[in-house]
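Beneath this line is the structure, given in structure tokens, with notes to follow.
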Amino acid sequence: MNKDLLRNYIHEFISDSKNNPDKFTQDWKERLDLISYYQSFTKDKMLIITEEDIFEYISKLWAMLIWGNKHYVVDKLIESNSLPHFKKLLIELVWGKGDIVERWNNFRSNIKGMGPAMISEILCKTHPNDFMLWNRRAYVGLNHLEVRNLPRYDYQLTGKVYKYLCDISKEISMELVNAGFNDSTLLAVDYFIWDKLQVEDKLSKIYTKKPVAEIKKEEESFEKSPFSHHDIRDKIRDIGQWLGFTSNIEQKVSEGSKVDAVWEVTIGNMGKVIYVFEVQTKGSIDSLIMNLLKSLINPAVQGVVAVSDIKQLDIIKRYVKDVRDLRDKLRYWDYEEILKVHESLEFVNESINKLGLVPQSF
């Protein structure tokens, strides 16, 4: 991390706080209110929370600003995980006594529908001295400070990486305190990152192609993660939902075919049109081809898409070349393109939803 650059921004930040004390007093009160709210969900309270309580708990997160229909997201979260299972693992994540590395990995492995932004925000607002808030803006800010080994994609954010990021955030907190700022929480660090480190040229270059050698070196700094398949699958679901489809994961579309994700739309009184997505990270390509062929038995399936990296997509194309019933219908989607599309639509939805054009009760 470039400490000289950080201290320059901290100097500006503290100068702003003296020149505009009302704003900083208001922000400080907001932080206290948020911490108080999330800390009120003690372990005992979480044991008895209802679906309505969970909706309030989740819908207040900043990460939920990308969703216009918050009920849809929370309902899917509960439906996909079951209320008892979700409560159990949420309690272990937030109030568990084990190392955050294991708690984070356990929650990410076993809960569908929540990514690092939501998870880290809950942790930060409940334990603001220990855990940082990670999202796209945090990446931009820390990248601008020249922090090394930042995860560009959600699947790279393992418990070990999250703990590393929390340690970086604590370093920034100490620099703020040493400069005379009176809030040492990592939630205050998040406010600082948002206020001073959202450099436009850095934000626009998150997914700019880097030299191959640099990308390889960057990727080698991360462990192989078991979350990549689920992350890409969930992002396909999100993209479909944002585009207006009824979008689901792990869906049975025909006898013997359960696919990773589907987009579905009803056209007047003519029936449904379904698009099927299969994410290939490892394993048998023959199995992927067979699953897609079985999905085409359903006449409503109008498109099938294989999702993977460039290397595996080329292999799939060679396999499919001789499969007459599939080769002309199969489309190919590079997972990196999915990450870019998701990032762009996330920004668009967050910006529009901030306008509050459609009330939640609508």
Take the alpha carbon atoms of region 250-317, find their radius of gyration, then divide it by 2.2 N^0.38 Å using N residues; give the quotient.
1.15
Point-to-point label distance, THR50-ASP4, nm (Cα→Cβ direction, 7 Å offset):
6.0 nm
What is the angle, in °, between the Cα long axis of helix 335-353 and the longest principal axis of the Cα atoms in the chain? Nearest 10 is fine, range 0 to 90.
60 degrees
Putting +1 on Lys and Arg Cβ atoms and -1 on Asp and Glu Cβ atoms, find which of VAL147, GLN198, THR158 reaches farthest to the positive end of the dipole of region 3-220.
THR158
Could you pull out which residues in region 318-340 have an amide N less than 20 Å from a spot 7 Å beyond the Cα of LYS282, following the Cα-Cβ vector?
335-336
Net charge near ALA179: determine it from the other residues with C-beta under 14 Å of the C-beta of ALA179, scoring Lys and Arg +1 and Asp and Glu -1.
-2
Could I get the Rg over Rh figure for the chain? Both from C-alpha atoms, Rh via Kirkwood, rounded to two places.
0.99
For LYS60 and THR42, compute 0.36 nm times the residue count separating them, minus their Cα-Cα distance, and round to one decimal in nm.
4.8 nm
Most mobile of ASP309, ASP334, ASP322 in a GNM of the chain (Cα contacts under 10 Å)
ASP322
Are there any trypsin sites (Lys or Arg not before Pro) in region 138-173 that are in a DSSP loop and have at most 13 other Cβ atoms within 10 Å? List them by number.
ARG148
Please turn the phi angles of region 63-69 into ³J(HN,Hα) values with the Karplus equation 6.51 cos²θ - 1.76 cosθ + 1.60 (θ = phi - 60°), one per residue in order, whole Hz, x for glycine and proline.
4, 7, 5, 6, 10, x, 9
Hey, what angle do you get for helix 186-196 against the long axis of the chain, alpha-carbon based, 0 to 90 degrees rounded to 10?
80 degrees
Relative to the chain, whose Cα atoms define the longest principal axis, helix 285-295 and its Cα axis are tilted in degrees, nearest 10, by 70 degrees
Rg and Dmax in Å for region 228-342, alpha carbons only: what are they?
13.4, 42
Net charge around PRO299, counting only other residues with Cβ within less than 15 Å of its Cβ (Lys, Arg = +1; Asp, Glu = -1)?
0
Assign unit charges at the C-beta atoms only (+1 for Lys and Arg, -1 for Asp and Glu), then state the dipole size of region 52-155 relative to its Cα centre in Debye, rounded to the nearest 20.
220 debye
To the nearest 20 debye, what is the magnitude of the charge dipole of region 228-342 about its Cα centre, counting +1 on the Cβ of each Lys and Arg and -1 on the Cβ of each Asp and Glu?
240 debye
With +1 on the Cβ of every Lys and Arg and -1 on the Cβ of every Asp and Glu, and nothing else charged, how large is the dipole of the chain about its Cα centre, in debye rounded to the nearest 20?
720 debye
Computed [θ] at 222 nm, deg cm²/dmol, the chain (DSSP H ≥ 4; -39,500 (n - 2.57); rounded to nearest 500)
-18000 deg cm²/dmol
Spacing of the two label points (7 Å from each Cα toward its C-beta) at TYR72 and GLN302, in nm
1.9 nm
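A short reminder: the numbers here are calculations on the coordinates, not readings from a lab. What you see is a predicted model; the values in this text were computed from it and never measured. Cβ sites come from the backbone with ideal geometry, for glycine too, and all protein chains shown count toward neighbours.
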